[in-house]
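Colleague: Sharing a structure with you now.
The values are calculated or read from the model by the stated rules, or taken from the named source; none is laboratory data. Bear in mind that the values here come from a model prediction, so they are computed numbers and not experimental data. Heads up: the accessible areas ignore ligands, DNA and RNA and are worked out on the full protein's heavy atoms, side chains in. Shrake-Rupley method; radii C 1.70, N 1.55, O 1.52, S 1.80 Å.
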Amino acid sequence: GRENAMLDTSDAEATETDHSSLSRDNHDEDTGCSSFELPFDVRYVVAPMVGASDLAFRLLCRRHGATAAYTEMLFSSRIIKDPEYLRCKLQTCEEDRPLIVQLCATTVDDLVAAGKLVCPKCDAIDINLGCPLPQAAEEGFGAWLLDREHWPMLRSMVRELKSATRIPVFCKIRLLSTVEETVALCETLQAAGCALLAIHGRRRPPLGQHRLFRDTPADLDAIRQVVAAVSIPVLTNGNTQHPSDVAANLSFTKAAGIMCAEGLLRDPRLFEVGHAPSKSASASALLEYLHIASERSPHEISQVTAICRSMHVVLCCDGWS
């Protein structure tokens with residue numbers, strides 16, 4: 001399918017944690033992060049990755065410190081029209097919780113209809129407002145809804161999805177051209193009923209140039225300023241490739257949690273307390289993933305292949321012994 005050609009984890013992207021109910025008044029002495037009241041722990045989060053966030057990979061990351069996980073981006077229009085699409089793309093199990101299903105949509109009606117179908121299988125629904133790919137621009141979803149002219153529709157999306165599903169609604173966004181504009185958008189989404197913001201610390205690249213910008217550093221200072229300006233939880237996303245980056249990122253941004261994509265593909269134990277990256281640890285994680293995948297009988301072997309390829313890069317890295 002068309003969406004299978006969209007494998008690009010650039011849009012997605014710690015220490016020991018308390019899994020009890022979180023309160024905004026609590027303070028983590030290790031990371032300096034304020035915690036917030038939510039029905040589940042969002043400190044260490046597996047990002048939505050098209051072609052990579054399969055059930056087996058989510059379970060692997062959960063075994064090694066992740067406290068919540070997103071599905072890959074799912075197309076609302078296909079969920080509505082094709083029951084087989086939903087059955088194949090949204091595989092889950094009792095151990096795969098808390099689970100956030102990420103949806104993209106071009107209309108409020110499609111988003112709400114898809115949300116009603118997925119809400120029995122998840123703990124929250126995220127609206128994708130970060131995908132920078134040409135398909136998103138062509139069809140009108142993802143990061144191409146961040147322009148101010150679309151904000152009234154975004155307000156309606158959040159309000160109506162929340163009303164129809166009765167579970168938390170999250171939004172994953174990119175930084176806008178200025179911090180002030182980003183804060184204005186976040187306040188708009190917050191006022192509409194958004195329960196959490198995941199902020200990818202890069203701005204929307206020019207159309208068709210997303211691969212040229214994917215390795216540029218994320219602007220964590222901008223995320224820090226947004227965290228200080230809003231009252232709902234924020235996940236910081238970007239600049240996380242090593243276990244030491246996790247605590248440093250949380251400490252600097254004061255975010256409620258951290259979301260990671262490519263760093264977890266390279267090292268699924270990134271969130272694990274005391275983890276020291278090595279080739280042997282990566283080999284062990286790869287074998288563990290394959291074991292989980294064989295037990296779960298994935299519908300799409302392409303996802304297994306993509307994840308194995310990412311971990312293989314680490315095994316070939318000269319920097320680790």
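Colleague: What does the accessible area per residue of the range 47-172 come to in Å², with a 1.4 Å probe and no ligands, DNA or RNA counted? Walk me through the intermediate numbers first.
Modeller: Numbers: 4330 Å² over 126 residues.
Result: 34 Å² per residue.
Colleague: A further question follows. Listed here are the pairs 121/279; 81/162; 89/254; which of them are more than 32 Å apart at the Cα? Mind showing how you got there, number by number?
Modeller: On the way: 121/279 36 Å; 81/162 22 Å; 89/254 34 Å.
Where the Cα-Cα span goes over 32 Å, the pairs concerned are 121/279; 89/254.
Colleague: Turning to a different aspect of this structure: For the range 164-288, what % of the accessible area comes from carbon and sulfur atoms, probe 1.4 Å?
Modeller: Working: 2460 of 4540 Å².
Whole-percent figure for carbon plus sulfur exposure: 54.
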